[in-house]
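First comes the structure, then the notes that go with it.
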Amino acid sequence: MPERVVRIADEVSTLTRERVQRIAGVARATKILAVNAAIEAANAGPSGAGFGVVAKEVAGVADTVGALSAELDEQLAPLLDQLSTLGTSLVEQVRGARLTDLALNAVELIDRNLYERSCDVRWWATDPAVVDACAVTDDLHAAADVRARAAATASGRLSVILSSYTVYLDLWVADVHGRVVAQGRPERFGTVLGSDVSSASWFRKALTTATGSEYAVDDVSTNPELGGATVATYATAVRAGGAEHGEPIGVLGVFFDFAPQAHAIVTGVRLSPEDRSRTRVLLVDAGHRVLAASDGAGVLAERIDLAVTGGEAAGSFTRPNGDVVGYARTPGYETYEGLGWFGVLVQRPPTDDAR
């Protein structure tokens, strides 16, 4: 662990200062002994003259050792302080870079997933059964039983699609007026058929798309009609004849079961067991609202402070409490530009026992 470098540096600093202080103490004690020996030699008269010479040499050695000790302390102190500072900086850089890489990985995974959703909705909007249901509904001269059969056929087709695409909660087809005429799971969500979605933002945005290659996406939200589930909604216009530039005759909305898919991503980030216990992995939207959290807290309610990013696409910083935050904004995937979402990891510093 990078914190081990700082721990070792601190230990070396402490041991060095202790040893230098002990050497200085020995030099002082030796100096005192030399002075006392010189006094005794002087008291002994001519017979102590030789001993006095030795005492003087010992005093000189003590002075030299003391000077070396002071010099060593003076030279080592700033170097040890610098080593500690560099070690702390290294920890932040290594931790930050690692967390940033993992944050990018998390947001890339969700983007690849959502890219497929954007492809699905545009493809399924050209399905003949879906197109026919909207066309017949829009035909004022069509008999009621003809409309009913077309709607039933479209619902059957959507049900078949859902049997293979389990990541969706439901698929809805609405006419140009916003009335839902077909859905894939009427047995599960029985209040949808015939409901009015004309005021829903995904419907309004989809109806104004210019071509069949465009799509609309709504904010991740809970949908009361789908049991309060958290969904990512993608939609596009159903066009006359299924043609790319055909006139809009309805809207197809697909409801991605966001919560379990996103939770699998944030809990699947590759972390050691020790790191996982003190790391929170998040997906947040462009406004920094939490969309998914590895601890399950704050979803669609909490906002993460990323103001220090300064508009950068990726980076890291350390909070005043010591938490290291790594973040990365979506780079998009293939033709999917992304929605400005971020992957974010917030990691508490390790305890002393874990360092």
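The values are calculated or read from the model by the stated rules, or taken from the named source; none is laboratory data. In this text, all values refer to a predicted model and were calculated from it rather than measured experimentally. When we count neighbours, we look across all protein chains shown, and the Cβ atoms used for this are built from the backbone with ideal geometry, even at glycine.
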Quick check on residue 335: is it more than 13 Å from the chain's Cα centre (by Cα) and not small (Gly, Ala, Ser)? yes
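Go through the stretch 294-338 and count every residue that is polar (S, T, N, Q), farther than 19 Å from residue 275 by Cβ and modelled with pLDDT of 95 or more.
Total satisfying the criteria: 0.
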Given (1) closer than 30 Å to residue 326 by Cβ; (2) not assigned by TED's automatic domain parsing to the domain that holds residue 349, number of the condition residue 278 does not satisfy: (2)
Of 194, 212, which residue is in a loop (DSSP other than H, G, I, E, B) and in contact (Cβ under 8 Å) with a residue 60 or more places away in the chain? 212
Is there any pair linking a residue in the stretch 107-120 that is touching a residue at least 12 places away in the same chain (Cβ under 8 Å) to one that is in a helix (DSSP H, G or I) and among the aliphatic types (A, V, I, L, M), with Cβ under 7 Å and at least six apart or on different chains, and which? 109/265; 110/262; 110/265
Failed condition for residue 159, given (1) outside any loop (DSSP other than H, G, I, E, B); (2) over 22 Å from residue 234 (Cα atoms); (3) of a type in the set (Gly, Ala, Ser): (2)
For the stretch 288-332, enumerate the residues that are under 23 Å from residue 220 (Cα atoms), basic (Lys, Arg) and without any contact (Cβ under 8 Å) to a residue 60 or more places away in the chain. 289, 303
Hey, can you tell me all the residues within the stretch 216-250 that are within 27 Å of the chain's Cα centre (by Cα) and not aliphatic (A, V, I, L, M)? 218, 219, 221, 222, 223, 228, 230, 233, 234
Quick test of your reading of the structure: residue 325 fulfils all but one of (1) more than 14 Å from the chain's Cα centre (by Cα); (2) assigned to a strand (DSSP E or B). Name the failing condition by number. (1)
Being under 26 Å from residue 243 (Cα atoms), out of contact with any Cys (no Cβ under 7 Å at 6 or more places or on another chain) and not assigned by TED's automatic domain parsing to the domain that holds residue 285 is true for just one of 191, 137, 166, 222. Which residue is that? 137
Suppose the filter is aliphatic (A, V, I, L, M), under 30 Å from residue 302 (Cβ atoms) and not in a helix (DSSP H, G or I); does residue 251 pass it? no
Need the failing condition index for residue 291 against (1) within 13 Å of the chain's Cα centre (by Cα); (2) outside any strand (DSSP E or B), just the number. (2)
